[in-house]
Amino acid sequence: METAELTVDTSRRQVVDITDEVQFRVRGWGGDGLLSVFLQHATAGLALMETNSGSEADLAAALGRVLPRDVDYRHQHGSRGHGADHLLPALLSPSVVIPVTGGALQLGTWQSIVVVDLNPDNPTRRVRLSFLRG
């Protein structure tokens, strides 16, 4: 199995497209198999979605409506509404598995891999890539 770790800065955007960096790593490994993309955090998630169409802002806004920051959560350390950050991975998984053929991610035409992070307390995220050859 091949593995790598990516560092993602979410200080300027709540939805960060990591597709190109993931594809670069996978291309270097070559071959066919399955790629596990795992976000090693309890307050962020991953999604497969269309990007550069306004969807990133729409997703952040929708999550803001589902997980408002102005609610009194039982989990209360950190910034106001931090309890919502801990609920996010229940809605957006911390992992996705993507098929790989000939060193290329087999994503749909409009699919990109994004890190979704609404938590302003921790803008540095680690993403673990694990490629299992088929």
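No value in this document is a laboratory result; all are computed from the given coordinates. Every value quoted in this text rests on a predicted model; they were computed, and no experiment measured them.
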Legend entry - Cα gyration tensor shape for the range 37-76, rounded if a/c is under 1.5, else prolate or oblate: oblate
Legend entry - Listed residues Asp32, Asp117, Asp20, most fluctuating in the chain (Gaussian network, C-alpha, under 10 Å): Asp20
Inset, instruction - Select from Leu118, Leu107, Leu67 the residue whose mean-square fluctuation is largest in a Gaussian network model of the chain (Cα-Cα springs shorter than 10 Å). - result: Leu107
